[in-house]
1. By how many nm would the segment from T413 to M140 grow when fully extended, if each residue of separation counts as 0.36 nm and the alpha-carbon distance is taken off?
2. Going 7 Å from the Cα of K170 in the Cα-to-Cβ direction, what parts of the stretch 75-105 have a backbone nitrogen less than 12 Å from that spot?
3. Suppose every K and R has +1 on its Cβ and every D and E has -1 on its Cβ; what is the size of the dipole of the stretch 293-424 about the Cα centre, in Debye to the nearest 20?
4. Using amide H atoms built in the peptide plane, which far-off residues or other-chain residues are under 5 Å from R232 H to H?
5. Starting from the Cα coordinates of the chain, work out the convex hull volume and express it per residue in Å³.
6. With point charges of +1 on the Cβ of Lys and Arg and -1 on the Cβ of Asp and Glu, referenced to the Cα centre of the stretch 55-148, which listed residue (A92, A132, A102) lies farthest in the positive direction of the dipole?
7. Evaluate E = 1/(1 + (r/R0)^6) for M294 and D254, where r is the Cβ-Cβ distance and R0 equals 35 Å; express this FRET efficiency to the nearest 0.05.
8. Among A419, H5, L120, flag the residue with its Cα farthest along the positive direction of the charge dipole of the chain, charges on Cβ as +1 for Lys/Arg and -1 for Asp/Glu.
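The values are calculated or read from the model by the stated rules, or taken from the named source; none is laboratory data. Keep in mind that this is a model prediction, so the values were computed, not measured. Counting neighbours? That spans all protein chains shown, and the Cβs are built from the backbone with ideal geometry, glycine included. Accessible surface areas use protein heavy atoms only, side chains included; no ligands, DNA or RNA. Shrake-Rupley method; radii C 1.70, N 1.55, O 1.52, S 1.80 Å.
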Amino acid sequence: MQTFHYLNSELYCEDVPVSRLAADFGTPLWVYSKRALLTQLEQIQEAFAAANPIICYSVKANGNLGVLRVMQQAGSSFDVVSGGELYRVKQAGADTTKVVFAGVGKTDDEIRFALESKILMFDVESEAELDAIGHCAAEMGVVAPVALRLNPDIDAKTHAKTTTGKKGNKFGMDSERVHELANKVLKNPNLDLCGIHMHLGSPILTTEPYELSAKKAVGIVADLRTQGHQIRYLNLGGGFGINYRGNEAPLAKDFAAVIVPACKEMNCQLVLEPGRFIAGNSAILVSQVVFTKMEGGKKFVIQDAGMNDLVRPAMYDSFHRVWPVKPAVLPPEDFEAEIPGCEPVDVVGPVCESSDYFAKGRFLPPMVRGDLLAIFSAGAYGTSMSSNYNARPRAVELMVDGGAVEVVRRRETYADLVAHELPE
Ligand code: LLP
């Protein structure tokens, strides 16, 4: 069964015409394909099977309970970066003993919440955090499982705002300090150093950075074991790139080919934290054209989704395919090319910021007021980064499963916008 596809000049999500969803639920509107979520998870599970992986879906990509439930039921675990995300996965019914917890600024309350939840391990990002976890664990009379998050100083060639594994950014600890830190753990009976963690950035479109980090881990794990630590886990984070434009991303099996051998050599269980790879192409944002106008020699298509819904183009200049839901011209192979029968337009939103756009100078079939547009690859870092900027209620989110449609988040109302500001 297909996920998002055009049939008889109309966009479908699985068996449901997207125009019907827009008519029933209004726009802007998020549409998830359950099939797409499951297919992506299965691809990772299968590609990495030889390393007996613990797949921890990265909740920050999309923490909707509907999405988390699908993941949980399909055997995924979770990567969280806050007490709030841990709460979300608990609400989704997750087994917290397989949850990993990263983040540079964990508070004592968050650490205690994670210890009470008996998570699999903390990805520790500083010496001070190691002390704080040790302290909380001692108070609670437990042993905290920790993995040292190392900064391997590898350039994953992502956008400057999403690179994490280069020296000089705030994540992890310099890998040269690993022994000093590990020694500290040896002296603390409330800490168990059970793993190594590295996350290089996102999205990563080549396999080399993973190959380099896995190789680096082999030496470090061997040394730590000699030091007396029982290292059981190698966590190589997330970051696997996806196809936003065409076919630019490697396949899961390509990433596995450079990671699995190192993992076997170390005899470690592999932990992965994919977010975008699972959620990215599992949802679209559907909008409706409000107006069009010609100004300054340009055509603007003004539609009702904005940067408050999907901030990625404004924040990272990121590319999302945009195409009508009922197009006169079928979608091209290359969305960046000049397309016969189409005209160059800027697709913009209603928010009062020049950065509120989804596409610039993009060739689209002629659009008129009332037409529906689909903004593709919007499932990761879409709703999870959305806001109420310009007092815009957050859009409704739908999960499609075959011919069935479930509301997994209702559209916010104007009353919701002020609810927390009114006296109790
Ligand atoms: N693990 C760690 C420690 C991370 O920091 C991240 C992402 C992930 C896993 C998941 O990465 P993924 O598999 O989703 O690429 N808002 C940006 C992306 C920020 C990524 C932050 N960390 C965007 O929209 O492109």
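1. Length gained between T413 and M140: 94.0 nm.
2. 103-105
3. 260 debye
4. Long-range HN contacts for R232: G195.
5. Hull volume normalised by residue count: 148 Å³.
6. The residue sitting most towards the positive pole is A92.
7. 0.20
8. Result: H5, furthest along the dipole toward the positive end.
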